[in-house]
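What follows is calculated from the coordinates using simple rules that are stated; it is not laboratory data. In this text the structure is predicted, and so the values were computed from the model without any measurement. Every residue, glycine among them, receives a Cβ derived from its backbone with ideal geometry; neighbour counts consider all protein chains shown.
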Amino acid sequence: MLAGIIRILEPHFLNSKNSRAKPILKEGPFKGLKLPSMTAEANAAYIFQEIIGAFLITHPHLDHVSGLAINTPIIEAGSGPKPVAALPSVLAAIKNHVFNDVIWPNLSDEDGGAGLLTYQRLVEGGNPRFGNGESRGYVRACQGIVTKCLSVSHGRCKQRYHPESGNHQRATSSVFLSGDSRHLRPRAISVDQSTEGGFYSPARSPGLMPGEPMLSSVESSAFFLRDHESGNEIIVFGDVEPDSISLEPRNRRVWETAAPKIANGKLRAIFIECSYTDSVDDAYLYGHMCPRHLVAELTVLADLVLSDNQSGGVERKRKRPGLGEQAVYDNNARFKRTQSSSGSKPRSTSSRYSEPLDGLGDLYMFEEFDPPDPTRWADIETPPLAELSIYIIHIKELLKDGINPGTRIIEELNAHSNLIRLGCRFFLPSPSEAISC
């Protein structure tokens, strides 16, 4: 966190090493800020202590909170404790597993800590006691900015948050990914041990042994940030997975909240992850997005915007399972399987059948999902997400020679989006870039 601010400031001091002038930044994310010191390091500390008003934490994974932990001690020279705002489950994880006097000193103002941070527990979906009209549910984030937080899902784990105890504990009941557990042979869970080790891989184990821990969704967040003066808003997502392969689909709630704001021109940009290219199979996304899934999510948003505009938006139609059948998502969202609860061959006009999956005793029909219809919005003069900017964050770097994965991700997003005329624009933000919304 602090190192990132230093990197942003350093170019402004490269040509002024012998100057005694204290610069006013003319570009970048801190444009217009008058700096009090003559080195990038000292000014970064000033920004961290005095300019940053609060920390909004989407989820407690280490790559998202390590900078907060490491850099918090310099707040001691600042003007008071910094609010750390997040959902209760996120703050419970930070409190119990980071600022706990074991992994790191307790720098919070709870349980006899140092008092450099203060926890602000947000009400999921917004607190209706605050705000009026369009601002109802929003709470103060910092000077001039109010926020509302909605939960989203970020993959699967074996820890469940218990609001009464405030702890994350292992559950004790079984879970099956099929709609009917009678068709599954109980077997041991398989956990992938890749760079994101510990995430359950649905490609490896459709069922758990009775008594094995229940799989739960990793809770992440989407923050609506609203400029108090103009009323303009942006959405900043934490790590998030597509609804189509989630144990607890939650993204649609975010899109339902966002759609009327886009329709009235107040929601200007969305910051959302797209960690991998389309070459990665769903079983190895580990709670993240890739272009095919992100565009599918934005298609849901586009339909809701059209509906809100009363433009006759057409809902995406899928084949409904017949009587006695239950539709379930396969490991890859490009396919769907329909399982007959009676054990008989699924009814379908398709002749594509697989062999029994892992000896589970049933035939599964695999139908390719219908691709988005290129003509779905052909009669609409303005695309549904026109003027909306989508900033792609949290890209998994390959650390190899060759094309940058971010470049490939943008190419794939544009290809999918142009096919169905979404109208939004995709960007890869630079840390040194000022973004105006």
Contour minus Cα-Cα span, Ile380 to Ser37, at 0.36 nm per residue, comes to 118.1 nm
Check Phe99: other-chain or 5+ apart residues with amide H under 5 Å from its amide H, H built from backbone geometry?
-> none
Counting only residues 5 or more places away or on other chains, whose amide H sits under 5 Å from the amide H of Leu122 once H atoms are built in the peptide plane?
-> Ala86, Leu87
Does segment 393-437 come out rounded, prolate or oblate, given a ≥ b ≥ c as the square roots of the eigenvalues of its C-alpha gyration tensor, rounded meaning a/c under 1.5 and, failing that, prolate meaning a/b above b/c?
-> oblate
Pairwise centroid distance, computed over Cα atoms, of segment 267-292 with segment 28-48, Å | 34
Out of residues 5 or more away from Val152 or on other chains, whose amide H comes under 5 Å of its own, with H placed 1.01 Å from N in the peptide plane?
-> Ser220, Ser221, Ala222
Order these peptides, 48-55, 419-426, by their mean beta-carbon neighbour count within 10 angstrom, highest first.
-> 419-426, 48-55
To one decimal place, what orientation-averaged projected area in nm² is obtained for the convex hull of the Cα set of segment 23-125?
-> 7.5
Order these peptides, 262-272, 27-37, 398-408, by their mean beta-carbon neighbour count within 10 angstrom, highest first.
-> 262-272, 27-37, 398-408
Can you pick out the pairs among Lys158/Lys396; Lys34/Lys396; Lys31/Lys266; Lys82/Lys158 whose Cα atoms lie more than 29 Å from each other?
-> Lys34/Lys396; Lys82/Lys158
Derived scalar couplings ³J(HN,Hα) [segment 240-250; Karplus, 6.51 cos²θ - 1.76 cosθ + 1.60; whole Hz; x for Gly, Pro] | 8, 10, x, 4, 5, 10, 8, 5, 10, x, 10
